Amino acid sequence: MTTITLRPDQPFDLSRTLGCGQVFRWETVDGWWQGVVGDRAVRIRQDGPVLTFEGADGAFVADYFRLALDLDAVLASVDRDPAIGAAIRRCRGLRIVRQPPWECLVSYICATNTNIPAVRRRVSLLAERYGEEIEGAFGTAYTFPAAEMLAEAGCEELRDCRLGYRAGAVREAARWAAENPDWAERIAALPCEDARQELMRLRGVGPKAADCVLLFAFGRYESFPVDVWIRRIMAQAYLPELGGGACTPAEYDRIRRFARAYFGRYAGYAGEYLYCSRTRSFGGG
């Protein structure tokens, strides 16, 4: 076992971070969080300021959870009104992790028009069927499959992983990634709006999926994904003229641009905190 003692000025809440819906390969078992990141099967728990873990070294854990980021400064920069202020108080310590880009891309293609448990199941089935078996801190686990593996899979096989209509989009993305092995580096080098448009060229990657990938895999904190809950929160707290109903493409663009202008370069953090606090603040579940 390895431990990290967090600095007093470095807020971190492991359970809020891993349970907020940004990642799909972690679960709690007997007081521990266990999951697979890249080729590592990691088990970790938090007791006050102490993180105890196995399956990875301290540098990897610190990098994955972005513990070097000055979270207090980030939150201070977006704390502009009572709604976000309450969300920060309730969810302080939530951090946006550094997800592997390929896994994040496929995960959010799998996340279209569905719920988090379904996405977890799809990602798990893909890993079990096409990933590599590894022995880790909590027994046998599976890496997320490489693009080359999914590119060779048939749509019917992918549907067996409960992908449904998303199977074709996953296979097309896999073929694109296999043919462009430097795609993540190219996306990372682009300005945020250009990177967003490049991701949206892929079948199955709409505005929300592109914004999620940019935020969670590439650390583009200005990205502001809008789902049904964020739309509801923004209508209640910031843009009452939106009213009810579904989020149209024009509304989506309006909300994300408002959030970027209002919250600044860490708008994505504001969105995660508002989403995290939805149960108490905005009647969410």
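The values are calculated or read from the model by the stated rules, or taken from the named source; none is laboratory data. If you're wondering where the values come from, they're calculated on a predicted model, not measured in any experiment. Don't worry about glycine lacking a Cβ; one is built from the backbone with ideal geometry, like all the others, and counts go over all protein chains shown.
For the reader, a short list of remarks on this structure follows.
- You will find that of Arg196, Arg257, Arg186, the residue that is at pLDDT 95 or above, assigned to a helix (DSSP H, G or I), among the charged types (D, E, K, R) and buried (at least 20 other Cβ atoms within 10 Å of the Cβ) is Arg196 and no other.
- Exclusive hit being in contact with a Pro (Cβ under 7 Å, 6 or more places away or on another chain), closer than 24 Å to Gly35 by Cα, of a type in the set (Gly, Ala, Ser) and buried (at least 17 other Cβ atoms within 10 Å of the Cβ), set Ala147, Ala137, Ala127, Ala141: Ala127
- Test: residue in the stretch 219-241 that is polar (S, T, N, Q), outside any loop (DSSP other than H, G, I, E, B) and in contact (Cβ under 8 Å) with a residue 12 or more places away in the chain: yes
- Going through (1) closer than 30 Å to Thr5 by Cα; (2) acidic (Asp, Glu); (3) touching a residue at least 40 places away in the same chain (Cβ under 8 Å); (4) surrounded by fewer than 18 Cβ atoms within 10 Å (Cβ to Cβ) one by one, Asp47 falls short only on (3).
- Of all the residues in the stretch 209-230, those that are surrounded by fewer than 19 Cβ atoms within 10 Å (Cβ to Cβ) and modelled with pLDDT of 95 or more number 1.
- Candidate set from the stretch 127-138 (those that are touching a residue at least 40 places away in the same chain (Cβ under 8 Å) and not in a loop (DSSP other than H, G, I, E, B)); member that is nearest to Asp30 (Cα to Cα): Gly136
- Checking Val205 against (1) surrounded by fewer than 20 Cβ atoms within 10 Å (Cβ to Cβ); (2) not in a strand (DSSP E or B), the condition it does not meet: (1)
- Within the stretch 139-173, tally of residues that are part of a loop (DSSP other than H, G, I, E, B) and of a type in the set (D, E, K, R): 3
- Of everything in the stretch 28-42 that is surrounded by fewer than 20 Cβ atoms within 10 Å (Cβ to Cβ) and touching a residue at least 60 places away in the same chain (Cβ under 8 Å), the residue that is nearest to the chain's Cα centre (by Cα) is Gly38.
- The stretch 93-116, residues that are at pLDDT 95 or above and part of a loop (DSSP other than H, G, I, E, B): Gly93, Leu94, Arg95, Ile96, Val97, Arg98, Gln99, Pro100
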